[in-house]
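Structure first, then comments.
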Amino acid sequence: MIICYLWRMMENKEEKYRLLSAQVKALVEGETDWVSVTANVCAAIQEAMGFFWTGFYVVRGNELRLGPFQGPVACMHIGYGRGVCGTAWQRGATVVVPDVEQFPGHIACSSLSRSEIVVPVFAADGTVAAVLDIDSRELATFDEVDKEWLERIVGELRISF
C-alpha cells in the first residue's frame with residue numbers, strides 16, 4: 001500500500017516505470033497462467049501509472065479477444081489490422097497514438113479515450129500472442145519512455161496464451 005501511495009506522489013515517469021518493472025518482474029516470476037499473470041500486470045500498471053484503461057487482448061484465430069483489464073467496459077473482438085490494437089498485431093511493433101481521432105480506423109470503445117499505446121506480446125516462436133493496450137484521457141500522453149518501459153515489462157511475460 002505504501003508503494004502505491006509513493007507512486008502517485010512521484011513526478012518522474014522513468015522512476016515510476018523502474019519501480020513498476022521491478023514489481024512486475026517479482027509478480028510474474030515462476031508464474032505461467034496467462035489469465036493470472038496478465039490480470040496482475042494490468043492492476044500493477046493501472047495502480048502505478050493511473051491510466052484511463054489498461055488491458056490485454058489475446059490472439060484467437062483471426063481476431064484479438066478481450067483479456068484481463070482495468071477500467072470501463074471494452075470492445076471484446078478486434079480484427080487483424082483493425083484499429084490501433086489490430087495494427088500493432090499486424091505490424092508486430094508498438095504503436096503510439098498521440099490523438100486517437102487522427103488514427104485512421106480507430107475503434108472507439110470509449111469516447112473518453114484521447115491517446116493510446118499498444119505493445120505486442122510475443123510468443124516463444126516470435127509470433128504476436130497478445131497486445132497490451134493502454135488508453136489515456138489526455139492527448140499525447142505516451143512517448144518513447146512509455147514505449148521503452150512497457151516493451152520491457154511485456155518482455156518479462158513468460159506465459160503461453
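The figures follow:
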quantity: By accessible area with a 1.4 Å probe, ligands and nucleic acids excluded, highest first: order of Lys25, Lys16, Lys147; calculated: Lys25, Lys147, Lys16
quantity: Estimated 222 nm signal from helices in the chain, with DSSP H stretches of n ≥ 4 weighted -39500 (n - 2.57), rounded to 500; calculated: -12000 deg cm²/dmol
quantity: GNM top mover of Pro104, Pro120, Pro68 - the chain, alpha-carbon springs below 10 Å; calculated: Pro104
quantity: Exposure ranking of His77, His106 by accessible area [1.4 Å probe, largest first]; calculated: His77, His106
quantity: Carbon and sulfur %, accessible surface of region 26-154 computed with the full protein complex present, 1.4 Å; calculated: 49 percent
quantity: Solvent exposure, largest accessible area first (probe 1.4 Å, DNA, RNA and ligands not counted), of Thr38, Thr127; calculated: Thr127, Thr38
quantity: Most positive-pole-ward Cα, Phe51, Gly79, Tyr17, against dipole of region 1-109 from beta carbon charges; calculated: Gly79
quantity: 1.4 Å probe accessible area per residue over region 27-161, in Å²; calculated: 47 Å²
quantity: Semi-axes of the equivalent ellipsoid for the chain, Cα gyration tensor, largest first, Å; calculated: 22, 20, 13
quantity: Cut-off 11 Å between beta-carbons: net charge of the residues surrounding Ser21, Lys and Arg +1, Asp and Glu -1; calculated: -1
quantity: Computed over region 53-130, Cα set: Rg, Dmax in Å; calculated: 11.7, 36
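The values are calculated or read from the model by the stated rules, or taken from the named source; none is laboratory data. Just so we're clear, the structure is a prediction, and the values are computed from it rather than from any experiment. Counting neighbours? That spans all protein chains shown, and the Cβs are built from the backbone with ideal geometry, glycine included. Keep in mind that these areas ignore ligands, DNA and RNA; they rest on the heavy atoms of the full protein, side chains included. Shrake-Rupley method; radii C 1.70, N 1.55, O 1.52, S 1.80 Å.
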